[in-house]
Amino acid sequence: MSSASAAIPQPGRTKAFLRLVMIEHSVFALPFAYIASLTAMYEWDRNIHWGRLLLVTVCMVGLRTFAMAVNRIIDREIDARNPRTAHRELVTGAMSVRHAWTGALIALAVFLVAAGLLNPLCLALSPVAVIPMVVYPYGKRFTNFPQAILGLAQAMGPVGGWLAISGAWSWTAVILGLAVGIWIGGFDLIYACQDVETDRRIGVKSVPARFGIPAAIWGARVCHTVTTALFVWYALATHAGAFFWLGLVIVAGAFVYEHSIVRPHDLTRLNRAFFSVNGFIGIALFLCALIDLLVRGLSV
């Protein structure tokens, strides 16, 4: 086999790479990039531009894939020392570091090309979106608040989705971006609670490891309260209709449910809160926002 062909991931390696980056978790951030993009289309000419929406999708998935792959590569030694993450592909050998880097760089190239096809501003700002993705995995080594870096990284999605359509800066998109970043940072506070003992033992920094699980849970509650307030602000700023407000009621109910099943001394339903509830939040609000925009005159 030639060196060139060896550098191309084979089918088995591709499948392992997709498991490595947990491609299905794009559901958390992608719906909010769509909300921003579709709202910008509504304000622009009230038409859905499918080509641009496809490029937004490619950008989001490409950047997230790069970020996850780099995260796994940088954290592979930490993952090997944590029983919960010791099964990950770079730890078990199901995926080599070389092939993980190959996949990461391909994803980065796809992101940059798609950003360039959208408009010059998206291409110019693309490095700004990449930087926090690389810094985040190092955050747990130098700060007790790595979730803040994660939130900043995730806030880029809605802002980028709006820029992709308008080609101009929008503070309305920043409101939505902050809501998403604080939301994801908040539920990552909950997720980090399951690794407290291991993190303390191996020296990984986090809010739960430094301040304890009760503080992290309360921090997540504050984050999700602020998230709800920012969603309301975004609805007011975009003159949202009844269906979007219905979506906010659903989101608020989901937050209440999430925090009713995860308590400082009972983390048995943490995975349900993290995966099921938060996945539902993104999809539910997107569907309500889409219906709202269509009812208000967005043309397919």
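The values are calculated or read from the model by the stated rules, or taken from the named source; none is laboratory data. Since the structure is predicted, the reported quantities are computational estimates derived from the model, not experimental observations. Every residue, glycine as well, gets a Cβ built from its backbone with ideal geometry; the counts of neighbours run over all protein chains shown.
Of all residues in region 150-192, those satisfying the criterion of being surrounded by fewer than 24 Cβ atoms within 10 Å (Cβ to Cβ), aromatic (F, W, Y) and either farther than 19 Å from A215 by Cβ or touching a Ser or Thr at 6+ places or on another chain (Cβ under 9 Å) (or both) are W169, W171.
When each of T39, T85 is tested for being of a type in the set (S, T, N, Q), touching a helix residue (DSSP H, G or I) at 6+ places or on another chain (Cβ under 8 Å) and farther than 30 Å from A240 by Cβ, the lone residue that passes is T85.
For (1) surrounded by 16 or more Cβ atoms within 10 Å (Cβ to Cβ); (2) under 16 Å from the mean Cα position of the chain (by Cα); (3) not aromatic (F, W, Y), each residue gets a yes or a no:
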site: G93; (1), (2), (3): no, no, yes
site: W101; (1), (2), (3): no, no, no
site: A104; (1), (2), (3): yes, no, yes
site: A115; (1), (2), (3): yes, no, yes
site: L118; (1), (2), (3): yes, no, yes
site: P127; (1), (2), (3): no, no, yes
site: Y136; (1), (2), (3): yes, yes, no
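Screening region 226-242 for residues that are in a helix (DSSP H, G or I) and without any contact (Cβ under 8 Å) to a residue 12 or more places away in the chain and picking the one that is farthest from E258 (Cα to Cα) gives L236. Remark: pairs (first residue in region 178-207, under 12 Å from N144 (Cβ atoms); second residue of a type in the set (S, T, Y) and surrounded by 22 or more Cβ atoms within 10 Å (Cβ to Cβ); Cβ separation under 9 Å; 6+ apart in sequence or on different chains) = L189/S206; A192/S206; D199/S206. The helices (runs of 4 or more DSSP H) located wholly in region 66-118 that include 3 or more residues which are at pLDDT 95 or above, over 23 Å from G203 (Cβ atoms) and among the aliphatic types (A, V, I, L, M) occupy 97-118. The residue of region 265-300 that is surrounded by the most Cβ atoms within 10 Å (Cβ to Cβ), among those that are out of contact with any Cys (no Cβ under 8 Å at 6 or more places or on another chain) and in a loop (DSSP other than H, G, I, E, B), is L298. Scanning region 207-227 for residues that are within 25 Å of L287 (Cβ to Cβ) and surrounded by fewer than 19 Cβ atoms within 10 Å (Cβ to Cβ) returns T225, V226.
Of the numbered criteria (1) of a type outside the set (F, W, Y); (2) loosely packed, with under 15 Cβ neighbours inside 10 Å; (3) within 19 Å of Q147 (Cβ to Cβ), the one A242 fails is (3). Within region 65-96, the set of residues being basic (K, R) and without any contact (Cβ under 8 Å) to a residue 60 or more places away in the chain comprises R72, R76. Inspection of region 290-300 finds a residue satisfying the criterion of being within 22 Å of N47 (Cα to Cα), under 22 Å from the mean Cα position of the chain (by Cα) and at pLDDT 95 or above.
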